[in-house]
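Read the structure below first, then the notes.
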Amino acid sequence: MTIFIIRRFLLTVLMLFLVGLTVFMLGHLTGDPVRLMVPDQATEADIERLRHALGLDQPLPIQFVDFIGNAVRGDLGTSLRYRQPALQLVMERMPATAELSAAAMLIALVVAIPAGIISATRRGSWIDGLTSVVSVVGQSLPAFWIGIMLIIVFAVQLRLLPAAGRGDPGSLVLPALTLGLWPMARIARVFRSSILEVLHEDYVRTAYSKGLRERVVLSRHVLRNASIPVVTVTALTFGSLLGGTIITESVFAWPGVGRLALEAINNRDFPLMQATVFVVAAIFVVINFALDLVYVWLDPRIRLT
Amino acid sequence: MRSKIWAFIGLTVLIAGACAAPTTSAPASQGPKLVTILQSAEIKSMDPSNAFGSHEINVQSQVFDTLAAIDPQLNQLPWLATSWTMQTPTSWQVKLRTGVKFSNGDPFTADDVVASFNYLTRKDALAAPNFQGWSSVDKVDDSTVKVTTKAPDIRFFGELTSLYVMPSKLLSSGPASLADHPVGTGPFTLTEWVKGERIVMEANPNYWKGRPKIDKVTWKAVPEASARIAALQAGQADLIVNVPPESVDLINSGASTRVDPAHSLRNITLIFDSRVKPFSDVRVRQALNYAIDKDSIIKNVLGGRGAVQATTSYEKTPNHNADVKPYAYDVQKAKDLLTQAGYPNGFTVEFHHPTGRWIKDVEVTQAIAGMLAKVGVQTTLSTGEYTSFFNTWATGAYKGMTMIGTLNQYDADQVYQLFLYSKGRWGAYVGKDDKLDGMYESQNMELDAKKREQILHDMESYVHDQAYWLFLYFQDDVFASNKKLKWRAPSNEKIWMLDADLG
């Protein structure tokens, strides 16, 4: 277990370093933001002065070494636009994203789990057909279209919910629905096929032949064994939702990490871009780690070495 | 089946539970007058020294006043300064308004102007380049300051409109707090700021021009145009910015919503690389000007929201030459000119443009490429995301022609300083034109307003004839609002709330 954690930790450090290098190089490839920041009247001398004040006139390798050196000490730099610590800005946005992701995941699970079970056990029934259609549609419709449709129906026509922004509790419903549709469809499909697979196992046949009722077979033998892929999909999807969902957050003006990342990219705000990616990568790693632990609990045959 | 039903009930409860939520703005005929404004980008800082784009200036200028102001109809007005007189070619006396107070109760004096100037021009301030012409501001007495300029400063008014006044006490003790807790003399005072969500400001009861009629203004950022429109239609917003042309009819057909277009100073133009062939030949540049049907582009691509450009400045820009007429759409003439220039079969040329920066920029580019093809000019389109596009353009590296938009509000000479004067910031594309440089330099030193106006008129007609640009159009700024909102849609992208009303 200890070896597992140490190895995982070292891999994480290596991964964060590579992520940092990639983001740094990609960001700097298209030039710095100084020309966009100054007013039209600025002279080349003004631009150079500001570039120097922001430390953007240093050679790239030196900027990168500085960045990594500071990152090791927990300092991800100061946002060029906000002039505030970048890490603090990302963490300020985390609650909004976490709230939205959790609500979306809740909606997804509440619908997907029963839908998966029913469509697997009543294979070929109209409910199974409906679930398949909804799953395909849910996975293929773009979030911005669904978002706008929901806004038009619930905010403009019915006037039931706010069209955009975060504030009153109602403002969470439409973005969470929009965001939840995709994981909902995905989890339902994965759960369905996973249950179908388990239903063909010998031990399930044995359980039926013992005369157990369907309900008992399902809850004791099938669902627990069929849930491993579902846990994986759920956790990984949740991880990517926590990374901020650029489209949903933009459509609904939701002040989360995704929108912050988009703005950072548009503004060439390098420290903020790097901080966002770092935090998201770190979350992903933690979730992956937690997932490994959950596997052990779900299936004692799996061992961490 | 039962689980399915439960899932359904859960979802319904979730939606229904939220239905009780109140809408964000409730403009009632009685009670406080609340206005919610949706812009497309978020406010980072309330510090005027680091304003970034018009969306930030819009919010900051409700709280801070400047020494002079330009109203939505582009009238130039004295503001916290009541008058300014030139005493020597490089020194001005500026008289300040008396009896004005900051929202924290401090009186406004000359000390605040001096401290604000020093703060706005510090090393890493984004606003510093706005004050290139000024070297110092000194206090004469409590209501007078002396401005010393580096050279005769014919753009003095422009600098006055950039000088946001902040309290000197705050600037000496803790300017950092300004970014979050602004204190100004403006029509509104900031009362709540939930970062990323909303900025709320209330009318300043002691405003020197009288208390604004609107009691409370809430600013939010909604980046998606369709979401802004939906919020307006749902009554959750009273004013929105950047309405795309295809949504105009939809909004106008709404019972309570209306589109408010304003001719804008934002001119969209193609700048030729006149240094080398084929655009070093004036006949080629003119030919391309004749080859483009500007009216058709405005009508068919921009939904009628724009004004054809004749020369470098807008009709309301000071010193604009109204006698210059736009190039007509004349394909035959274009072909003749190309033949005379030695290109009877046309040529192929690079055409650089950004994507998503100006209204329908990509569609306009494609329309132009199609029209140019009719006179034999083939274009190689090169699209770029704005930052990288602009960074490359600024180095002078683009060949062929480039789509550029610029704002030209204080004076007709502004675009010359940037784009057409060979020593200007992006003047390289013109090549060398001694006559134009000479005219620019002489108007820059000319202190007689009449004579200077004449030089600028000559410059505008000269540049029209020389066709250094492919003159296109001034794009309209399209706002939309709740029909009950009385306000003036601005031509300079600046939202004025101090004289707005609801009801």
query = Does B:Gln93 satisfy being outside any helix (DSSP H, G or I), of a type in the set (S, T, N, Q) and free of Cβ contacts under 8 Å to residues at least 60 places away in the same chain?
reply = yes
request  = Go through segment B:389-428 and give me each residue that's hydrophobic (A, V, I, L, M, F, W, C), more than 17 Å from B:Thr311 (Cβ to Cβ), within 12 Å of chain A (Cβ to nearest Cβ) and not in a loop (DSSP other than H, G, I, E, B).
outcome  = B:Phe389, B:Phe390, B:Trp393, B:Ala394, B:Ala428
ask   = Any residue in segment A:19-39 that is free of Cβ contacts under 8 Å to residues at least 12 places away in the same chain and either within 30 Å of A:Tyr295 (Cα to Cα) or of a type in the set (D, E, K, R) (or both)?
value = no
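Do we have A:Val280 as surrounded by 17 or more Cβ atoms within 10 Å (Cβ to Cβ) and modelled with pLDDT of 85 or more here?
Taking the combined requirement at face value, the residue does not satisfy it.
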message = Which residue is farthest from the other protein chains (Cβ to nearest Cβ), if the candidates are limited to segment B:197-217 and must be in contact (Cβ under 8 Å) with a residue 60 or more places away in the chain and surrounded by fewer than 22 Cβ atoms within 10 Å (Cβ to Cβ)?
response = B:Asn206
task = Can you tell me which residue among A:Asp46, A:Asp66 is at pLDDT 80 or above and either open to solvent by less than 30 Å² (accessible area, probe 1.4 Å) or more than 14 Å from every other protein chain (Cβ to nearest Cβ) (or both)?
result = A:Asp66
message = Please verify whether B:Asn300 is open to solvent by 40 Å² or more (accessible area, probe 1.4 Å), in contact (Cβ under 8 Å) with a residue 60 or more places away in the chain and out of contact with any strand residue (DSSP E or B) (no Cβ under 9 Å at 6 or more places or on another chain), treating the condition exactly as stated.
response = yes
remark   = Residues in segment B:349-388 that are part of a strand (DSSP E or B) and open to solvent by 50 Å² or more (accessible area, probe 1.4 Å) total 5
key: In segment A:150-161, residue surrounded by the fewest Cβ atoms within 10 Å (Cβ to Cβ) [restricted to those that are of a type in the set (Val, Ile, Thr) and free of Cβ contacts under 8 Å to residues at least 40 places away in the same chain]   = A:Val153
Only listed residue being part of a loop (DSSP other than H, G, I, E, B) and under 19 Å from the mean Cα position of the chain (by Cα), chosen from B:Asn267, B:Asn242 = B:Asn242
remark   = Expected single match for over 19 Å from B:Gly158 (Cβ atoms), open to solvent by 40 Å² or more (accessible area, probe 1.4 Å) and more than 23 Å from the chain's Cα centre (by Cα) among B:Lys101, B:Lys95 is B:Lys101
ask   = Which residue, of A:Gly116, A:Gly147, is closer than 19 Å to A:Ile246 by Cα, within 12 Å of chain B (Cβ to nearest Cβ) and surrounded by 22 or more Cβ atoms within 10 Å (Cβ to Cβ)?
value = A:Gly147
ask   = Out of curiosity, is A:Arg192 surrounded by fewer than 19 Cβ atoms within 10 Å (Cβ to Cβ), in a helix (DSSP H, G or I) and either within 14 Å of another protein chain (Cβ to nearest Cβ) or at positive phi (or both)?
value = no
task = Of the conditions (1) more than 24 Å from B:Ala176 (Cα to Cα); (2) modelled with pLDDT of 80 or more; (3) open to solvent by less than 50 Å² (accessible area, probe 1.4 Å), A:Gly31 clears all except one; give me its number.
result = (2)
task = Taking A:Pro255 as the residue in question, decide whether it is more than 19 Å from A:Arg186 (Cβ to Cβ), open to solvent by 20 Å² or more (accessible area, probe 1.4 Å), in a loop (DSSP other than H, G, I, E, B) and not charged (D, E, K, R).
result = no
request  = Just name the residue that is nearest to the other protein chains (Cβ to nearest Cβ) out of those in segment B:104-138 that are surrounded by fewer than 16 Cβ atoms within 10 Å (Cβ to Cβ) and touching a strand residue (DSSP E or B) at 6+ places or on another chain (Cβ under 6 Å).
outcome  = B:Ser135
ask   = Mind checking whether some residue in segment B:444-451 is in contact (Cβ under 8 Å) with a residue 24 or more places away in the chain and open to solvent by less than 30 Å² (accessible area, probe 1.4 Å)?
value = no
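The values are calculated or read from the model by the stated rules, or taken from the named source; none is laboratory data. Just so it is clear, the model here is predicted, and its values are computed rather than measured. All Cβ positions, glycine included, derive from the backbone under ideal geometry; neighbour counts span all protein chains shown. Quick note on the areas: whole protein, heavy atoms, side chains included, nothing else; ligands and nucleic acids left out. Shrake-Rupley method; radii C 1.70, N 1.55, O 1.52, S 1.80 Å.
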